[in-house]
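Student: The structure's right below; bear with me while I get my questions together.
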Amino acid sequence: MILMKKKTGRILKETVFYIVITVTALIFVAPIIWMLLTSLQPYKNLIEMRFRLFDSSLETYISLFAKQAFLRAFRASMIITLFSSFVTMIVSILTAYAAAFFNFKGKNAVVFGTLSIQMAPAIVLMIPLYILVSKVGLAGSFTGIILVFVLFLAPMTTWMLRGFFNDIPRALFDSALIDGCSRTQFIFRIILPIVRPGLAATFIFSFITAWNEVLIPLILSNSTTSTLTMYAASFTTTYEVDYAGLAATGIFTSIPSIILVIMFNKQLIEGLIEGAVKG
Amino acid sequence: MGKNNFFSKTVNKSRGLDDKYYPYLLETPILLIFLVGGIIPIVYSFVLSLFQYKLNLKSATAFVGLKNYISLFKDDVFLNSLWKTAYYSGGVIVFSVLIGLAIALIARRNFYGKRLFMIIMLLPWGIPKVVNGMMWKWILDPTIGVFTQIMKALGLISENVYWMQISPFVSITFVIVADTWRSVPFVAILLLSALQMVQIQLYEAAKCDGANAWQKFRYITIPGIRYVLLVVIMLQSISSLKVFDTLYTLTPLGGTDNMTTLTYMYAYKTSFSFLNLGYGSAVGYVVTLITLLLSLSYVRLLTKSNNI
């Protein structure tokens, strides 16, 4: 009898637990799914405030892809995100390597100094950077925007990579050098293959951050270099909001990040922890 | 070192570079970034804040000393923005940390579908903040918004309500909700990882000693995750001072009558809408000072709690 009671108690407890977990998950996923479903509704359904799952179509997306401004923004986002993440990776690999394996004067100053850029409010840096970029003649250009992106991404990714590099045993470094491996070869032959998951996490982190960024392009870009986030935001500044277009653009803008999150959730979590907590 | 001298010498030659300078060579790019992206702009923007510098009136550029800062204290929009920022930051920090901690505590054990749960929790974090603002703008739409519909169905309102035009307090509360929704998963994941590092034996020992759930939470869980908790609060408060994207799409450019003009948004607005870069820099510098003070106090707190 007592055993039975204990068992039903446990089952009840388990049920409550799974209900709580499900509801929590729903709260966080529902707005996204709602946005997705809306983006599939034909425009006239939205105006008449009818919602019919059966009417779902890719109509809004197709009309989106017919728009020049959208395609241009998509291209700009791709170029800026890929190039800035790539350059950021090179810079932060070099920095993290030096910080993890060498002792040199001013090492801590470099690490904390660069980190303080990340802490500083971007707008304060952006006002002078806007003037500087214009004076150098890079106003509105991809080069200018990408360089400024790297300025903001590199401190964060360096911090993350440093955490991964610190996990590599120092003895490996010493013995590789004794075996005749040069210090530069050590990066390519040994470190990079070992920390591949860390590199992936860092790259994805930088990709998502760059892809989602709106303040920098808002200040620096012109009509050819304005990004997808800017295009998405433009939906909300008009008086009559086109919600079908808004939902479709919103979903489309979120797709790269969402795919990366689903594919690399394990590494991302590791990266988040490495970057934020371990340091 | 004596025995290895031979090897290290040959290795040195093949590198063709002096040991002393090698790390600095590696650091060159980041040092350039630090200089161009950090030091120069910070100094430059302080200098700017001492000037009247407007992009639309080039001839009017003039040194005005601390005049911009003095005007700040007579500027109602700015002064109100400080209170609004305090309310917003406080709200986001409290809600995201409490809800995040609750979720982390629930999800710390193993259960079916944990992996899926974690992925779902990461999704809002992957949504661009801009899109998050758009999404909530639409949830709060006075006619077709889901929130409006729910309130109507519950009989709480009978006609369309412009939620974002009631009062600054209400508007900012909705911004807090929007940003909490997006940042809770981040907080929960970090805290969860910290919880999983707390030793289970401690709980078992406490159980033997007859500790109740609250005591276990207070004396084992909290000390165990204290460091991460502090880091999370720090990250949340620093990033909440820099709220921009959500505001930009949820209530474009500070909303009606500057209702949602938080300090950071005000710096953007004065600089790039009104093209008053001098005054904008001064506003931005105030945000920088607050961030600096916060960071310093957190660093002290962290080093202190590490010693214990």
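Any read-out appearing in this document is the output of simple, stated calculations on the displayed coordinates, not a laboratory observation. What you see is a predicted model, and the numbers here were worked out from it, not measured in a lab. Using ideal geometry, Cβ is built from the backbone for each residue, glycine included, and neighbour counts are taken over all protein chains shown.
Student: Apply the Karplus curve 6.51 cos²θ - 1.76 cosθ + 1.60, θ = phi - 60°, to the phi angles in segment B:251-263 and return the couplings in whole Hz, x for Gly and Pro.
Tutor: These are the phi-based 3J(HN,Hα) values: 9, x, 6, x, x, 5, 6, 6, 4, 10, 7, 7, 4 Hz.
Student: Which shape class, rounded, prolate or oblate, goes with segment A:141-221 when its Cα gyration tensor gives a ≥ b ≥ c as root eigenvalues, a/c under 1.5 marks rounded, and past that a/b bigger than b/c marks prolate?
Tutor: prolate
Student: Within straight cross-link reach of residue A:5, meaning Cα distance under 15 Å, which aspartates and glutamates are found once same-chain residues fewer than 8 apart are removed?
Tutor: A:14
Student: Ignore the peptide's own chain and count Cβ atoms of other chains within 10 Å of each Cβ in B:144-150; give me the average, rounded.
Tutor: 2
Student: Which value, in debye to the nearest 20, gives the size of the charge dipole of segment A:1-130 about its Cα centre, when Lys and Arg are +1 and Asp and Glu are -1 at the Cβ?
Tutor: Dipole of segment A:1-130, to the nearest 20 debye: 520 debye.
Student: In segment A:2-55, with Lys and Arg counted as +1 and Asp and Glu as -1 at Cβ, which of these residues, A:18, A:33, A:53, has the Cα nearest the positive end of the dipole, that is, farthest along it?
Tutor: Selected residue: A:18.
Student: So which aspartates and glutamates can residue A:67 reach, going by Cα to Cα under 17 Å and dropping same-chain residues fewer than 8 places off?
Tutor: Partners within reach: A:59, A:242.
Student: Can you show me the helix-derived [θ] at 222 nm for chain A, built from DSSP H runs with n ≥ 4 at -39,500 (n - 2.57) apiece and divided by the number of residues, rounded to the nearest 500. Numbers along the way, then the final one.
Tutor: Details: 14 runs with 213 residues, N = 279.
After summing the helix terms and dividing by the residues of chain A, the value is -25000 deg cm²/dmol.
Student: Can I get the semi-axes of segment B:159-235's equivalent ellipsoid? Compute them from the C-alpha gyration tensor as square roots of 5 times the eigenvalues, in angstrom, largest first.
Tutor: That gives 39, 15, 10 Å for the three semi-axes.
Student: With only alpha-carbon pairs counted, each pair once and no self-pairs, how large is the Kirkwood hydrodynamic radius of the protein assembly as shown in angstroms? Please list the in-between numbers first.
Tutor: Details: mean 1/r = 0.0383 Å⁻¹.
Result for the protein assembly as shown, one decimal place: 26.1 Å.
Student: Something else: Which whole-number percent is the relative contact order of chain A (Cα, under 8 Å, 6+ apart)?
Tutor: Averaging sequence separation for qualifying contacts and normalising by length gives 30 percent for chain A.
Student: Within a 10 angstrom radius of each residue's Cβ in A:211-217, how many Cβ atoms of other chains show up on average? Whole number is fine.
Tutor: The per-residue average across the peptide is 5.
Student: P(r) for segment A:2-55: what percent of alpha-carbon pairs falls in each 5 Å bin, starting at zero?
Tutor: Reading the bins upward from 0: 4, 16, 14, 12, 10, 10, 9, 8, 7, 5, 4, 2, 0.
Student: Only Lys, Arg, Asp and Glu count, each charged at its Cβ (+1, +1, -1, -1), so figure out the dipole size of the protein assembly as shown about its Cα centre, rounded to 20 debye.
Tutor: The calculated dipole for the protein assembly as shown is roughly 1460 debye.
Student: While we're looking at this one, here's another question. Fully extended, how many nm does the chain gain between residue B:173 and residue B:143 (0.36 nm per residue separation, minus their Cα-Cα distance)?
Tutor: Gain on stretching residue B:173 to residue B:143: 8.8 nm.
Student: Follow-up. Just report the Cα centroid separation between segment B:241-308 and segment A:95-161, whole Å.
Tutor: 19 Å
Student: With just the Cα atoms defining each centre, how far is segment B:91-146 from segment B:209-238? Give it in Å.
Tutor: 22 Å
Student: Please name which of B:117, A:103, B:167 has its Cα lying farthest along the dipole of the protein assembly as shown towards the positive end, using unit charges on Cβ (Lys, Arg +1; Asp, Glu -1) and the Cα centre as origin.
Tutor: Farthest along the dipole direction, towards plus: A:103.
Student: Per-residue mean of other chain beta-carbon atoms within 10 angstrom of the beta-carbon, peptide B:260-272?
Tutor: Numbers: counts 0, 0, 0, 2, 5, 1, 1, 5, 7, 0, 1, 6, 7.
So the per-residue partner count for this stretch is 3.
Student: Taking the Cα-to-Cβ direction at residue A:222 and at residue A:259 and moving 7 Å from each Cα, how far apart do the two end points lie in nm?
Tutor: 3.1 nm
Student: Can you list the residues of segment A:50-67 with backbone N under 17 Å from a point 7 Å past the Cα of residue B:152, pointing along Cα to Cβ?
Tutor: A:50-52
Student: Hey, another quick one. Once both labels are modelled 7 Å past Cα along the beta-carbon direction, what's the residue B:111-residue B:213 spacing in nm?
Tutor: Between residue B:111 and residue B:213, the label points sit 1.4 nm apart.
Student: Now for a different question. Per 5 Å bin from zero, what fraction in whole % of the C-alpha pairs of segment A:32-119 is there, up to the bin with the longest pair?
Tutor: That works out to 3, 10, 12, 12, 10, 9, 7, 8, 8, 8, 7, 4, 2, 1, in percent per bin.
Student: Hey, another quick one. Going by average Cβ density within 10 Å per residue, which order do the peptides B:62-74, B:110-122 take, highest to lowest?
Tutor: The densest-packed peptide leads the list: B:110-122, B:62-74.
Student: Something else now. In percent, what relative contact order does chain B have, based on Cα pairs under 8 Å that are 6 or more apart in sequence?
Tutor: Relative contact order comes out at 27 percent.
Student: Next question, about the same structure. Treating only the Cβ atoms of Lys and Arg (+1) and Asp and Glu (-1) as charged, compute the dipole magnitude of chain B about its Cα centre; round to the nearest 20 debye. Please report the intermediate quantities before stating the final value.
Tutor: Numbers: 26 positive and 12 negative charges, 185 e Å.
Charge dipole, chain B, about its Cα centre: 880 debye, nearest 20.
Student: In addition: How would A:213, B:204 line up from fewest to most surrounding beta-carbon atoms within 10 angstrom?
Tutor: B:204, A:213
Student: If you take the beta carbon distance between residue A:26 and residue A:108 as r and set R0 to 45 Å, what does 1/(1 + (r/R0)^6) give as a FRET efficiency, to the nearest 0.05?
Tutor: Working: r = 46 Å, r/R0 = 1.02.
With R0 = 45 Å, the Cβ-Cβ based efficiency is 0.50.
Student: To the nearest 0.05, what FRET efficiency results for residue B:83 and residue B:19 with a Förster distance of 56 Å applied to their C-beta separation?
Tutor: Working from the Cβ atoms, E equals 0.50.
Student: So, one more: Two decimals, Cα atoms only, Kirkwood Rh: what is Rg/Rh over segment B:171-299?
Tutor: That ratio equals 1.16.
Student: What's the lysine pair count for segment B:67-307 at a Cα cut-off below 18 Å, pairs eight or more apart or interchain?
Tutor: Taking segment B:67-307 as the scope, the lysine pair count is 9.
Student: Per 0.36 nm of contour for each residue apart, how much would the distance between residue A:65 and residue A:196 grow if the chain were fully extended, relative to their Cα-Cα spacing?
Tutor: Net length gain for the segment: 43.6 nm.
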